[in-house]
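Presented below is the structure to which this report refers.
Values in this text are rule-based calculations from the coordinates and carry no lab data. Please read all numbers here as calculations on a predicted model, not as lab measurements. Positions of Cβ are backbone-derived with ideal geometry, glycine not excepted, and every protein chain shown enters the neighbour counts.
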Amino acid sequence: METIHTVEWMKQVARQASGTGRLLGLVPTMGALHEGHLSLVRAARLECSPVVVSIFVNPKQFGPSEDLQKYPRRMEADRALLETLGVDYLFAPTDEEFYPRGHRTYVEVEELGRGFEGRARPGHFRGVATAVVKLLEIAQPHCAYFGRKDAQQARIIRQLVADLNLDARLEICPIVREPDGLAMSSRNVFLSPAERCAATVLYRGLDAIRQEIARGERDATRLVAALRRLLDAEPLAAVDYAEIVDAESFEPVARLSGTCLALVAARVGATRLLDNMLIEGDRGDGGTLHTQL
Ligand code: AMP
């Protein structure tokens, strides 16, 4: 595996791949890799060669009071993991290389970034969208791989790829969880043992409404109320939002129909955690719904 530190070198690799008709796969990450990230790498390896993983803790997606300084950084361990998975290139630019002095251009996706994570973290999605467009432009992937763990982010990226006529195909991969259901996240290392136990409440809440849906409940307002009751019962978790939204518009729904997402965000101790469940398949005829946690 070659480690690439400059934009120019990354572009050269991209040009070479396209010149020889090879399908470059890109997996953008902020490092501190876990099985969630590795599942994206494996998906990329199945379809693409070469595979590029980027590790860049993007300063523009962190607010001034957020955890940019203390965000986990484990470049050597990450590099070793990626080697074992047969990744071809690790793209790891410095902040100055990625955003040279005088950088002034930002990408903003209207509406979709307003609620939920966008409300909790002003400027976050502008930072994400800007970095993702730059990564897609630099690496020119045939396909880029993202996780549904960050469902609103994935929806925004799908929108910007369409709006800006970018060529990359997007693959949104399922959420990888710990054995007790907690969604894997680089931030889970910040949880104390007691918080780590409490953190499963996000999964438990979503799983509880999954069972309600399996029993035939279609009223989203009642499902959200049940979800909130469960989350509120955990003293170590401070709920930020719990909602069921339309998967396209990210607007709350009153009844399950079409494709929806149940979204949860909560602070456990000082750590902000996200989770969601995909709910698909109802055509408004009371037919079977498929849920994916
Ligand atoms: P991050 O390093 O947190 O920016 O995440 C990089 C990519 O990995 C994003 O597309 C995330 O959605 C994805 N990802 C993070 N955690 C998981 C997980 N538990 N399962 C699947 N994908 C994940």
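Structure data summary
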item: Of all DSSP beta bridges in the chain, antiparallel share, percent nearest 5; result: 60 percent
item: Length released on extending from GLU111 to LEU164, taking residue separation times 0.36 nm less the Cα-Cα span; result: 17.5 nm
item: Phi-based couplings in Hz for segment 167-177 (Karplus 6.51, -1.76, 1.60; Gly and Pro marked x); result: 7, 5, 7, 10, 10, 9, 9, x, 6, 9, 10
item: Equivalent ellipsoid, segment 186-292 (semi-axes from 5 times Cα gyration tensor eigenvalues, Å); result: 27, 13, 11
item: Two-site label geometry, SER18 and GLU212: point separation in nm, points 7 Å out along Cα→Cβ; result: 4.9 nm
item: Rg/Rg_globular for segment 122-231, with Rg_globular taken as 2.2 N^0.38 Å and Rg from C-alpha atoms; result: 1.33
item: Over the chain: helical MRE at 222 nm, DSSP H runs n ≥ 4 each giving -39500 (n - 2.57), nearest 500; result: -11000 deg cm²/dmol
item: GNM top mover of ALA237, ALA162, ALA17 - the chain, alpha-carbon springs below 10 Å; result: ALA162
item: Within the chain: Cβ-based charge dipole about Cα centre, in debye rounded to nearest 20 (Lys, Arg +1; Asp, Glu -1); result: 200 debye
item: C-alpha long axis of helix 7-19 to longest principal axis of the chain, angle in °; result: 90 degrees
item: Distance between segment 184-219 and segment 51-82 - C-alpha centres, whole angstrom; result: 25 Å
item: With 5 Å bins from 0: P(r) over the chain, alpha-carbon pairs, percent; result: 1, 5, 12, 15, 18, 17, 13, 10, 6, 3, 1, 0
